[in-house]
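Quick notes on the structure that follows.
The values are calculated or read from the model by the stated rules, or taken from the named source; none is laboratory data. Everything quoted here is computed from the prediction, not taken from an experiment. No Cβ is skipped: glycine too gets one built from the backbone with ideal geometry, and neighbour counts run over all protein chains shown. These area figures cover heavy atoms from the full protein model, side chains too; ligands, DNA and RNA do not enter into them. Shrake-Rupley method; radii C 1.70, N 1.55, O 1.52, S 1.80 Å.
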Amino acid sequence: MMNIFSDIYSVFWLDLRNMQRHWKATIATSLVLPLLYLVAFGYGLGRGIDVDGFSYLAFVIPGIVALTAFSTSFNGASSKLQVDKMFYKSFDELLMSPVSSYAIIIGKALIGVVRGGISAIAIYLAGLALAPTLLVNTQVTLLFLLLMLLSCFVFALFGVMVALLISSHHGMSNFSTLVILPMTFLCGTFFSLNQLPSIAKVVLYFLPLTHSANLLRSTMLCLPFPWLSFAGLLIFGAIFFAGCLFALKKSSV
Amino acid sequence: MTDSIYTENLCKNYGSVKAIDNLNLSVPDGEIFGFLGPNGAGKTTTIRVLTTLTHPTSGHVSVGGYNVKYESDAVKKVIGVVQQHLSLDRDLTVRENMEFHARIQHLNSFKRKQRIAELLEYVELTEYADKMVDTLSGGMKKKAAIVCSLIHEPKLLFLDEPTVGLDAQARRRLWDFVRRLNKDGTTIFLTTHYIEEAEVLCDRVGIMHHGQLINVDTPANLREKVGSIVVETLVGNKETHYQFFVNRDAANHYVKGLPSDVKTVIIRESNLEDVFIEQTGEKVGDQ
């Protein structure tokens, strides 16, 4: 059992060293887009608008935190893995080592969690600076941070799975345009799903970001805890983990 | 002496393509064994199967005495692999790359530091240990990749096209290094499409062609089998013909009897390229 934890850390260690070397650029680039969203949608366009009984700024901040957790964790885990797999071929070194598949998957996902976590917390703090009333109490804040880290882990597993399954830069670019970009805008990050027709709502519940945004928003705005979204996020995590195992197995056929 | 590598009727198919076709091979401990063949002959696929990266379609394969299919973790502990492409993390230093390899091979902190220092000294890279990999020369990068693969003291080292992209001087230095490793007890399995590399470095050479192992022996025996002297003749500036002889007298006798329209005649000792041509009808570099 100790071996798996040390293996996870060993896999994570390599990506962490890389990040330490480029941390300023890594964090700065992952903050630009969410900060622009925050200013443009929350502070600019959203002034004076109410959504589901809350100011638009209060509504959109948890959505943008979820979006940041999603995009940064996904990209953080997938981009380095893709480079290691396709260009450096250093991922094969891991496959030829006695490190288990479980340790490889979790270790590779952790860098996504770290990058996603740092960026999402930065956006959360920026959001609180714009709307200080959103800071309720320590319990809510802790729960919010825990759910945010859970979201980061699920999205990082998603990134690992996609990087393992897609074996070309072109394929990855297509996936980003056809799947990641629509998710960014449609999963209840910028608007309430209550405004959509029922059928659209059902479809969007089959996407993980919808559940993450729902969880973070409900927690931050002290709404009833959305157990369905919590279960949904865990199920997506399990599916992505199984997908990673399948992709690793497929790579050695 | 036991076998480091043993395969029996090994096959690997990708759809209808037979990448490895019924490979029967044994490599004893302590040998430098070379796989010679053109690109696409099945050399790298064989290495991928032997190093557990790819599952065989059928047949039995054991490496270091362990079955690659059922005991892959044990196999991974006794092998070191240097891939054809430089597989180091180029955003890290040599020492950091070595540290990573030591970690994933389960070396504890004390052992890690000790092995890294030992190996850096062994390959004379100590002063470059904290340089980024990308700033090193091609030969140094290759050496760094090799020491990473040696960090856990493997009994068997796989080198896939180890000198591709290196200049002649760096290539010869690497050959010396490989010989030294072998002398210190490491069995070496390498693939190459360089004739000279196979001839000067390997104790035995296996010739691969379209996934099949068509001959295995020492370089000298392989040359002797086709004839140690070869006569090259160029007829009408079109095609080179090769004729093999057991000795120079027989070759001279043949040349005297050649028709007058044969313009160019070369008499020389045969090499593994000739063996390859004689047995496959193609040059190693043809494909």
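A few points about this structure:
- Selection of the range A:172-188 for residues being part of a loop (DSSP other than H, G, I, E, B) and either acidic (Asp, Glu) or modelled with pLDDT of 90 or more (or both) yields only A:Cys187.
- Filter pass, B:Val200 being hydrophobic (A, V, I, L, M, F, W, C) and outside the structural domain of B:Thr45 (by TED's automatic domain parsing): no
- Any hit, the range A:102-109, residues being open to solvent by 20 Å² or more (accessible area, probe 1.4 Å) and within 19 Å of A:Cys222 (Cα to Cα): no
- If the condition is being of a type in the set (S, T, N, Q) and either touching a residue at least 24 places away in the same chain (Cβ under 8 Å) or within 9 Å of chain A (Cβ to nearest Cβ) (or both), then the range B:51-71 contributes B:Thr51, B:Thr52, B:Thr54, B:Thr57, B:Ser58, B:Ser62.
- Odd one out for B:Thr240 among (1) at pLDDT below 90; (2) surrounded by 15 or more Cβ atoms within 10 Å (Cβ to Cβ); (3) among the polar types (S, T, N, Q); (4) more than 23 Å from B:Gly139 (Cα to Cα): (2)
Every residue, every condition in (1) among the basic types (Lys, Arg); (2) away from chain B (no Cβ under 14 Å); (3) under 30 Å from A:Gly107 (Cα atoms), yes or no:
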position	(1), (2), (3)
A:Asn3	no, no, yes
A:Ala25	no, no, yes
A:Thr29	no, yes, yes
A:Leu33	no, yes, yes
A:Gly46	no, yes, no
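- Residue match in the range A:184-206 (condition: of a type in the set (Gly, Ala, Ser), open to solvent by 20 Å² or more (accessible area, probe 1.4 Å) and under 30 Å from B:Leu53 (Cβ atoms)): no
The rows are residues; the columns are (1) assigned to a loop (DSSP other than H, G, I, E, B); (2) surrounded by fewer than 20 Cβ atoms within 10 Å (Cβ to Cβ).
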| residue | (1), (2) |
| --- | --- |
| B:Lys111 | no, yes |
| B:Ala117 | no, yes |
| B:Asp130 | yes, yes |
| B:Gly139 | no, yes |
| B:Ala145 | no, no |
| B:Ile151 | yes, no |
| B:Leu157 | no, no |
| B:Arg172 | no, yes |
| B:Phe177 | no, yes |
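- Count - residues of the range A:222-250 that are under 20 Å from the mean Cα position of the chain (by Cα) and open to solvent by 90 Å² or more (accessible area, probe 1.4 Å): 4
- Across the range B:79-106, the number of residues qualifying as over 22 Å from the mean Cα position of the chain (by Cα), buried (at least 18 other Cβ atoms within 10 Å of the Cβ) and at the interface with chain A (Cβ under 10 Å from one of its Cβ atoms) comes to 13.
- Residues located in the range A:59-81, provided they are more than 14 Å from every other protein chain (Cβ to nearest Cβ), out of contact with any Lys or Arg (no Cβ under 9 Å at 6 or more places or on another chain) and surrounded by fewer than 24 Cβ atoms within 10 Å (Cβ to Cβ): none
- Close Cβ contacts (under 6 Å, 6 or more residues apart or on different chains) running from residues in the range B:163-181 that are among the small types (Gly, Ala, Ser) to residues that are surrounded by fewer than 18 Cβ atoms within 10 Å (Cβ to Cβ) comprise B:Gly165/B:Gly138.
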